[in-house]
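The values are calculated or read from the model by the stated rules, or taken from the named source; none is laboratory data. Here the structure is a predicted model, which means the values were calculated and not measured. Because the Cβ atoms are built from the backbone with ideal geometry, glycine has one as well, and the counts that use them run over all protein chains shown.
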Amino acid sequence: MPNILDSDIKFLPGIGPRRGELLRKEFGISTFRQMLYFFPFRYIDRSRIHTVSEITPATSYIQLRGRITGMKMAGTAPGSRRLTMTLQDPTGRIELVFFKGIKWISEKIKPETEYIVFGRVSEFNGTCNLVHPEIVPASEESTAGAGSISGVYPGSEKLKNSGLNNRAVIKAESIILEKYADSIEETLPEYLIRRKGLLPLKKALKNIHFPENDMVLSLARNRLKYEELFYLQLGLLKQRSVRMRKDNGIVMHKVGEAFNRCYSSLPFPLTGAQKRVIREIREDMRSGRQMNRLLQGDVGSGKTLVALLVALIVTDNGYQSCIMAPTEVLARQHYNTVSRFLAGTGVKCALLTGTTRKKERERLHEELDSGTVNILIGTHALIEESVAFRNLALAIVDEQHRFGVEQRSRLWSKSEVLPHILVMTATPIPRTLAMTLYGDLDVSVLDELPPGRKPVETIHATERQRRQIFSFMKEQIREGRQIFVVYPLIKESEKMDYKNLEEGYRTITEEFKAPEYVTAVVHGKQKPEDKAHDMELFAEGRANILVATSVIEVGVDVPNASVMIIESAERFGLSQLHQLRGRVGRGNKKSYCILMTGYRLSKESRERIELMCTTQDGFELAEADLRMRGPGDLEGTVQSGLAIDLHIANLSKDSRILEDARQTALEVLEQDPLLEKPGNRLLQQQLQALRRDGKLAADYSRIS
Ligand code: ADP
Ligand code: MG
């Protein structure tokens with residue numbers, strides 16, 4: 001029997017087809033149940049009526065009681081009309097301002113009647129007023145059906161204009177809760193509710209809309225957050241446990257000559273973190289289980305070398321590996337680095353990219369097929385149909401966030417047995433986010449930089465300092481150093497961005513004239529050959545300056561580069577700025593990062609720039625990014641479609657609940673890995689329902 005809560009929202013008294021359609025369009029609400037899950041984003045204590053004299057510019061929402069003593073209309077053009085009313089209470093007066101619905105409001109308001117007014121205080125020309133407050137005759141207030149704490153719901157102008165203001169939403173919620181509360185079915189098993197001391201769902205939903213008091217409200221929020229995070233983790237961890245149970249990994253028994261030769265000829269000792277991570281990966285690869293591991297390491301922490309050394313373990317066991325990079329330039333760079341390390345080891349590595357010539361490609365295919373090539377490095381080109389390995393056992397994906405899930409899954413189809421997977425990312429992901437995005441992966445962290453790295457001196461500058469910066473650049477070039485100049489590239493304003501880059505390039509080549517100076521330029525609109533040419537020019541030290549767009553090369557390694565100039569730095573997120581800054585400071589000389597911005601900055605941009613100037617810690621910056629911009633905006637998550645749509649929980653604030661929920665999910669799965677016990681039927685059903693509705697982030701991050 002269908003549940004009444006799944007009825008179309010338009011059938012709810014007071015909604016109807018027009019508002020129903022708006023609710024669907026604006027908030028994705030099309031059923032009673034979805035309406036019930038439309039939560040207030042804040043609460044106000046409506047048991048208290050304040051006075052005008054209490055208002056300060058710092059007051060946010062306030063509830064007042066008084067008479068309307070004046071009303072005046074200003075403006076004549078339809079868009080600029082404004083109705084101002086004066087509300088008088090025993091302590092003073094305040095203006096109520098309306099831009100819309102003027103006729104309706106002015107006709108409704110009667111003189112000598114007491115009103116309860118509720119709204120947000122805003123400041124205009126040094127005086128406070130309320131813009132578009134709710135206004136209800138005091139005599140009606142008691143019928144609102146609300147308790148003393150009442151919810152403020154997200155509202156859109158459109159909904160308000162169609163009469164669905166906060167009061168109407170409250171009304172709708174109260175109807176659902178009064179009439180259909182019995183149809184609310186519990187979504188967590190009884191034993192969990194008891195063990196965790198959670199509120200039952202019905203009570204939680206009642207209180208999230210109409211809190212009995214502060215304490216129950218916070219229990220209600222806690223229950224709903226807990227549930228959301230619990231199912232997210234349960235979904236992820238269940239996939240992981242299914243994977244772990246399978247006896248499906250190619251076993252790497254030994255460490256042999258290839259590894260040892262390369263290892264003993266390294267020009268520097270590995271860092272402690274590199275050693276530890278290589279051990280973790282080695283344990284995985286000989287366990288008999290297929291590895292699915294995320295390697296996180298701040299920029300410059302030496303991920304490439306880790307990748308190479310574990311690939312050599314695979315070589316030693318007679319299997320092939322591949323390393324996939326997001327761009328041609330990065331693939332080339334990896335190839336060059338790896339070839340250097342491999343000199344004299346007898347291990348053969350090859351490069352395959354979009355620009356590899358047909359003949360060369362055909363030869364490569366043969367060598368892959370016969371097993372002559374041990375390590376293949378390349379771009380997306382290596383997941384093309386025609387590429388067939390003899391026995392691929394390890395796939396390493398660098399800078400993972402540039403790869404779509406679909407592309408990754410093509411990799412897995414390259415061998416009969418699933419190869420071990422190592423995903424490397426330089427984006428420091430805060431712990432809470434990693435748990436959610438990569439909850440089904442094992443995580444290794446390179447949390448140590450090679451010794452001798454100096455912090456990059458970071459400076460904020462504006463156009464006024466341009467001349468100074470030019471002469472500083474010349475000074476650095478005279479000392480034999482190289483310079484990056486990076487322009488933002490954001491999809492929506494791509495055209496403008498390219499224009500800025502071209503202009504910037506022109507200005508720089510005018511100031512830094514050839515042949516005395518060589519300036520390379522690299523961006524996404526070039527032909528791959530031109531890009532590779534200019535990139536090489538810079539990588540080999542023949543160009544002094546590289547002008548580039550930001551999306552170009554997150555991973556380029558040019559240790560001689562000492563200055564990173566970031567144009568329009570206010571347009572970048574913290575994590576991205578940190579990535580870019582990580583391109584310098586890799587050698588042993590002092591390095592600089594110059595953040596160029598406009599003169600005027602929003603408060604948030606200023607904070608971000610200041611934080612960049614004061615900290616070098618990628619994790620601290622990523623946490624701050626998460627706090628300031630929310631997880632959806634984190635670099636990488638946007639590009640790969642990993643945005644997490646949490647309903648009530650907040651990854652940056654609810655990490656305690658998240659950890660608890662994860663722990664509980666682990667315990668549940670330990671007892672019942674496939675959720676087959678009768679007591680866990682509900683869990684299984686809920687997971688299926690969530691997955692069906694696309695609410696489980698699990699599928700985004702699944703990599704096998
Ligand atoms: P990332 O983790 O950003 O990819 P890379 O692998 O590009 O870092 O390494 C950055 C630089 O550090 C490279 O020039 C590399 O050769 C060097 N490097 C790697 N490991 C060490 C180490 N243990 N000691 C000194 N330098 C190292
Ligand atoms: Mg790298």
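Structure notes:
- Residue 569 passes every criterion in (1) at pLDDT 85 or above; (2) farther than 15 Å from residue 505 by Cα; (3) more than 16 Å from ligand 1 (Cβ to nearest atom); (4) surrounded by fewer than 24 Cβ atoms within 10 Å (Cβ to Cβ) apart from (4).
- Scope segment 324-355; condition of a type in the set (A, V, I, L, M, F, W, C), within 16 Å of ligand 2 (Cβ to nearest atom) and touching a residue at least 40 places away in the same chain (Cβ under 8 Å); matching residues: 324, 325, 329, 330, 331, 341
- Residue within segment 270-277 that is within 20 Å of residue 450 (Cβ to Cβ), surrounded by fewer than 19 Cβ atoms within 10 Å (Cβ to Cβ), away from ligand 2 (no atom under 15 Å from the Cβ) and aliphatic (A, V, I, L, M) present: yes
- The single residue among 521, 547 that is crowded, with 21+ Cβ neighbours inside 10 Å and in contact with a Gly (Cβ under 7 Å, 6 or more places away or on another chain) turns out to be 547.
- Filter result for residue 377 (within 16 Å of ligand 2 (Cβ to nearest atom), modelled with pLDDT of 95 or more, β-branched (Val, Ile, Thr) and under 30 Å from residue 288 (Cα atoms)): yes
- Test: residue in segment 311-323 that is part of a helix (DSSP H, G or I), closer than 20 Å to residue 342 by Cα, among the aliphatic types (A, V, I, L, M) and within 16 Å of ligand 2 (Cβ to nearest atom): yes
- Test: residue in segment 169-184 that is part of a helix (DSSP H, G or I), touching a strand residue (DSSP E or B) at 6+ places or on another chain (Cβ under 6 Å) and either surrounded by 17 or more Cβ atoms within 10 Å (Cβ to Cβ) or of a type in the set (Val, Ile, Thr) (or both): no
- Condition met for residue 293 (among the basic types (Lys, Arg), touching an Asp or Glu at 6+ places or on another chain (Cβ under 7 Å) and away from ligand 2 (no atom under 14 Å from the Cβ)): yes
- Residue identified as away from ligand 2 (no atom under 16 Å from the Cβ), farther than 29 Å from residue 230 by Cα, outside any loop (DSSP other than H, G, I, E, B) and modelled with pLDDT of 75 or more among 452, 480, 504: 504
- Residue in segment 396-404 that is more than 30 Å from residue 601 (Cβ to Cβ), modelled with pLDDT of 90 or more and within 16 Å of ligand 2 (Cβ to nearest atom) present: yes
- Looking only at residues of segment 415-446 that are part of a loop (DSSP other than H, G, I, E, B) and within 16 Å of ligand 2 (Cβ to nearest atom), we find that the one that is modelled with the highest pLDDT is 426.
- In summary, helices (runs of 4 or more DSSP H) completely within segment 213-304 and bearing 1 or more residues that are modelled with pLDDT of 90 or more and within 16 Å of ligand 1 (Cβ to nearest atom) occur at 257-264, 272-285.
- Applying a threshold of 6 Å to beta carbon distances and a minimum spacing of six or more residues, or different chains, the list of pairs starting in segment 506-526 at a residue that is among the polar types (S, T, N, Q) and ending at one that is in a helix (DSSP H, G or I) and buried (at least 16 other Cβ atoms within 10 Å of the Cβ) reads 519/508; 519/509.
- Residues of segment 554-598 classified as assigned to a strand (DSSP E or B) and of a type in the set (Ser, Thr, Tyr), total: 3
- If you check 225, 196, 254, 206 for being touching a helix residue (DSSP H, G or I) at 6+ places or on another chain (Cβ under 8 Å) and surrounded by fewer than 13 Cβ atoms within 10 Å (Cβ to Cβ), only one passes: 254.
- For segment 423-461, filtering for residues that are within 16 Å of ligand 1 (Cβ to nearest atom) and touching a Leu at 6+ places or on another chain (Cβ under 6 Å) leaves 4.
- Pairs with Cβ under 7 Å, 6+ apart, first in segment 479-501 and over 21 Å from residue 466 (Cα atoms), second of a type in the set (Asp, Glu): 489/497; 490/497
- Residue, modelled with the lowest pLDDT, within segment 118-160, restricted to residues that are of a type in the set (Ser, Thr, Tyr) and part of a helix (DSSP H, G or I): 143
- Residue count for segment 521-545, restricted to those that are in contact with a strand residue (DSSP E or B) (Cβ under 6 Å, 6 or more places away or on another chain), outside any loop (DSSP other than H, G, I, E, B) and modelled with pLDDT under 95: 7.
- Residue in segment 60-82 that is at pLDDT 90 or above and out of contact with any Leu (no Cβ under 8 Å at 6 or more places or on another chain) present: yes
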